[in-house]
Structures are given as structure tokens and as C-alpha cells.
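A.B. asks: Encoded as C-alpha cells, here's the structure I'll be asking about.
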Amino acid sequence: MGTRAKDLPPPEWVETHRDFQLRNIRYDPTSPGAGSAAEASGPFVAVIGIERSEPGSAVRGLVRRSDAWHGRADLLAAFFAGYGRLLTPAEQAGLVVDAALDSVSGIAYGSAHGGPKLVERGRRTWHGCSSR
């Protein structure tokens, strides 16, 4: 994987959340909205937990989200339909590299801090990376 990472073009850098998981998304389909009348016409959606935000690779945010469609090709297709495009080959390769790094970090942190779910997600992510 080191050669693959070394040979990738520089990634596009954007502001990233760095912990974009379901626990950091607040959703209320019945909320009347929090502001003007225009905002009151749809559900309430908020992203919280931005203390780890920083510039990073545009695909980095997909690492944790990709666990949501693990084993579900229909959810993967729905995500990319909403995203508006598929990843480029360089983005796909970068996602594998970012996922591998995240999986090792999750396994180490979960093991040291008694987080079996984090360890399990890290192992599942690692398995997905190593099978590519």
C-alpha cells in the first residue's frame, strides 16, 4: 500500500469534519425549522461535533461514512446518486489509503480505551482495504 499511496496525485484539500458519524448528525423530520419561513418548510438537519475539523483530503470524510453502506450495494448506489458522481480512480485509491490509516487508528484507540465497537469497525474497515 505504501507504493500505491506514494504514487497518488496530491488530493483535493477541503475542510473536513473528521468524525462524521451518525452520532454527530441530528435529524428531525417533523421539525418546523429554526429560522425563517423558507427554512420552516423541511426537516431539521444539523451536524455537530466539529471540534476535530481541519483541512484534509476531500475523500477523507467518506471513510467513516462508508461503514454505513458496508455490505449494502443499494445504499452505496443511493449515496453516490445523491453525491452526484462516482469517485475518480485517484479518489478511490486515496479512500483506501485513508481507510487503512483510520482502521489502524481505530483498532489502537479502541483497544487502549475499551472500545470494542471501534475495534470491530476498524477490523471490518481493514478487511475491506486489504481485499482491494
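A.B. asks: Considering 58, 78, 34, which residue is at pLDDT 90 or above and farther than 17 Å from residue 126 by Cβ?
C.D. replies: Only one candidate passes the filter, namely 78.
A.B. asks: Let me ask something else. Within the range 14-32, track down each residue that is open to solvent by 100 Å² or more (accessible area, probe 1.4 Å) and over 12 Å from residue 61 (Cβ atoms).
C.D. replies: 22, 23, 26, 27, 30, listed by residue number.
A.B. asks: Let me ask something additional. Within the range 6-32, restricting attention to residues that are outside any strand (DSSP E or B) and among the aliphatic types (A, V, I, L, M), which residue is farthest from residue 53 (Cα to Cα)?
C.D. replies: 8
A.B. asks: Looking at (1) open to solvent by 80 Å² or more (accessible area, probe 1.4 Å); (2) under 25 Å from residue 118 (Cβ atoms); (3) of a type in the set (A, V, I, L, M), can you tell me which one residue 86 breaks?
C.D. replies: Looking at each condition in turn, residue 86 falls short on (2).
A.B. asks: Here are 81, 93: which of them is part of a helix (DSSP H, G or I) and closer than 17 Å to residue 64 by Cα?
C.D. replies: 93
A.B. asks: Considering each residue of the range 50-60, count those that are in a helix (DSSP H, G or I) and open to solvent by less than 30 Å² (accessible area, probe 1.4 Å), and give that number.
C.D. replies: Final tally of qualifying residues: 0.
A.B. asks: OK, next. With respect to residue 120, determine if the residue is among the charged types (D, E, K, R), touching a residue at least 40 places away in the same chain (Cβ under 8 Å) and in a helix (DSSP H, G or I). It would help to see each step written out before you state the result.
C.D. replies: On the way: among the charged types (D, E, K, R): yes; touching a residue at least 40 places away in the same chain (Cβ under 8 Å): no; in a helix (DSSP H, G or I): yes.
Taking the combined requirement at face value, the residue does not satisfy it.
The values are calculated or read from the model by the stated rules, or taken from the named source; none is laboratory data. Note that the structure is predicted; figures quoted are calculated from it, not measured. For neighbour counting, all protein chains shown are included, and Cβ atoms are generated from backbone atoms with ideal geometry for every residue, glycine included. Quick note on the areas: whole protein, heavy atoms, side chains included, nothing else; ligands and nucleic acids left out. Shrake-Rupley method; radii C 1.70, N 1.55, O 1.52, S 1.80 Å.
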